[in-house]
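The structure appears below as structure tokens.
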Amino acid sequence: MGKPVLKREPQQVSDKETEALLDLLEKTLALEGDIVEFGCYRGDTSVIFERRLEKYRRENPEKPLKFLWIYDSFEGLPEKTAEDSSAAGDQFKAGELLVTKREVVEKFKKAGLKVPRIRKGFFENLEENDVPEKISFAFLDGDLYQSIKTSLKLVENCMTKDGIIVVHDYNNPELPGSSRAVDEWLKVHPEKSLEIKETLAIIR
């Protein structure tokens with residue numbers, strides 16, 4: 001399969017990235033805590049995560065239940081900040097990439113999967129009780145600087161020991177805010193390590 005073609009929207013998760021995400025998710029399934037995805041867009045990776053979670057639940061009925069939580073504005077992209085400035089990404093305007101919550105819910109139903117816990121709203125409007133107390137795996141795909149910065153702050157104190165945070169669009173020239181938010185966060189969390197695969201920033 002070839003790489004996805006960019007058509008006036010941020011690069012979606014490629015086949016290689018999806019494989020890497022599933023491998024990382026697998027490494028965290030035995031850990032305490034839930035799975036979160038900030039920026040679900042059409043719900044494609046969300047469905048993949050939930051399918052794997054349901055398999056884990058069937059195979060490990062004695063283990064504590066793990067849940068998937070997904071977050072999206074369902075109003076498209078928020079306003080950019082100066083940190084998102086990029087000639088390559090000038091087409092990404094506020095309100096673009098709008099997908100409704102109903103569309104995502106229907107995708108889960110058509111796949112025969114349990115609908116995850118969905119929180120609607122721009123990330124800066126979320127509160128602590130909107131996030132699970134313990135998180136083993138976090139996938140942050142908010143595209144823009146403020147969205148990534150906010151989602152990192154929301155999950156940082158909830159990550160369980162050996163939990164993994166993955167940020168999409170790292171080193172994506174069309175969405176430079178993602179890299180800037182990650183780099184700033186790592187400066188104040190020097191104990192964390194960073195690994196890059198494709199445009200995935202893997203933080204342990």
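The values are calculated or read from the model by the stated rules, or taken from the named source; none is laboratory data. Predicted, not measured: the structure shown is a model, and the values here were computed from it. As a convention, Cβ positions derive from the backbone with ideal geometry for all residues, glycine included, and neighbour counts pool all protein chains shown.
Looking at ILE164, ILE148, can you tell me which residue is of a type in the set (A, V, I, L, M), at pLDDT 95 or above and outside any helix (DSSP H, G or I)? Spell out how you get there, then give the answer.
On the way: ILE148 fails: outside any helix (DSSP H, G or I).
Answer to the selection: ILE164.
Answer with yes or no whether ASP162 is of a type in the set (Asp, Glu) and within 17 Å of the chain's Cα centre (by Cα). Don't jump to the end; show me each part of the working.
Numbers: of a type in the set (Asp, Glu): yes; within 17 Å of the chain's Cα centre (by Cα): no.
Criteria not met by ASP162.
Would you please list the contacts, defined by Cβ atoms under 6 Å and residues six or more apart or on different chains, that run from a residue in segment 160-184 that is over 20 Å from GLU37 (Cβ atoms) to a residue that is part of a helix (DSSP H, G or I)?
Sorted first by the residue in segment 160-184, then by its partner, the pairs are ASN171/SER179; PRO173/ALA88; GLU174/ALA88; GLU174/GLY89; ARG180/GLU83; ARG180/TYR145.
Residue under question is PHE74, and the condition is that it be part of a loop (DSSP other than H, G, I, E, B), on the phi > 0 side of the Ramachandran plot, surrounded by 15 or more Cβ atoms within 10 Å (Cβ to Cβ) and of a type outside the set (Gly, Ala, Ser); does it hold? Lay out the reasoning, then the answer.
Numbers: part of a loop (DSSP other than H, G, I, E, B): yes; on the phi > 0 side of the Ramachandran plot: yes; surrounded by 15 or more Cβ atoms within 10 Å (Cβ to Cβ): yes; of a type outside the set (Gly, Ala, Ser): yes.
Considered against the rule, which asks whether it is part of a loop (DSSP other than H, G, I, E, B), on the phi > 0 side of the Ramachandran plot, surrounded by 15 or more Cβ atoms within 10 Å (Cβ to Cβ) and of a type outside the set (Gly, Ala, Ser), PHE74 comes out as yes.
Hey, does segment 84-100 have a residue that's touching a Gly at 6+ places or on another chain (Cβ under 8 Å) and in a helix (DSSP H, G or I)?
yes
Look at PHE38 and say whether it is on the phi > 0 side of the Ramachandran plot, in contact (Cβ under 8 Å) with a residue 40 or more places away in the chain and of a type in the set (A, V, I, L, M, F, W, C). Don't jump to the end; show me each part of the working.
Numbers: on the phi > 0 side of the Ramachandran plot: no; in contact (Cβ under 8 Å) with a residue 40 or more places away in the chain: yes; of a type in the set (A, V, I, L, M, F, W, C): yes.
Spelling it out, it is not the case that PHE38 is on the phi > 0 side of the Ramachandran plot, in contact (Cβ under 8 Å) with a residue 40 or more places away in the chain and of a type in the set (A, V, I, L, M, F, W, C).
Picking from GLU54, GLU50, GLU32, which residue would you name as being at pLDDT 95 or above, surrounded by 14 or more Cβ atoms within 10 Å (Cβ to Cβ) and in contact with a helix residue (DSSP H, G or I) (Cβ under 9 Å, 6 or more places away or on another chain)?
Just a single option satisfies the conditions, and that option is GLU50.
Per-residue answers, yes or no, for (1) among the acidic types (Asp, Glu); (2) exposed (fewer than 13 other Cβ atoms within 10 Å of the Cβ):
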residue	(1), (2)
THR100	no, yes
GLU128	yes, yes
ILE135	no, no
ASP141	yes, no
GLY177	no, no
ARG204	no, no
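One residue is enough: does segment 144-154 have a residue meeting the conditions of a type outside the set (Gly, Ala, Ser) and surrounded by fewer than 17 Cβ atoms within 10 Å (Cβ to Cβ)? Step through it out loud before you land on a result.
Taking segment 144-154 first, the residues of a type outside the set (Gly, Ala, Ser) are 144-146, 148-150, 152-154.
Checking which are surrounded by fewer than 17 Cβ atoms within 10 Å (Cβ to Cβ) leaves us with 153.
Yes, segment 144-154 contains a residue that is of a type outside the set (Gly, Ala, Ser) and surrounded by fewer than 17 Cβ atoms within 10 Å (Cβ to Cβ).
Give me the pairs, please: first residue somewhere in segment 117-144 and within 15 Å of ARG42 (Cα to Cα), second residue anywhere and among the acidic types (Asp, Glu) and not in a loop (DSSP other than H, G, I, E, B), beta-carbon distance under 6 Å, and either six or more positions apart or on two chains.
Listed by first residue and then by second, the contacts come to ARG119/ASP130; PHE139/GLU37.
Listed residues LYS101, LYS109, LYS149, LYS55; which is within 22 Å of ALA201 (Cβ to Cβ) and free of Cβ contacts under 8 Å to residues at least 40 places away in the same chain? Reasoning before the result, please.
On the way: LYS101 fails: within 22 Å of ALA201 (Cβ to Cβ); LYS109 fails: within 22 Å of ALA201 (Cβ to Cβ); LYS55 fails: within 22 Å of ALA201 (Cβ to Cβ).
Just one listed residue meets the conditions, LYS149.
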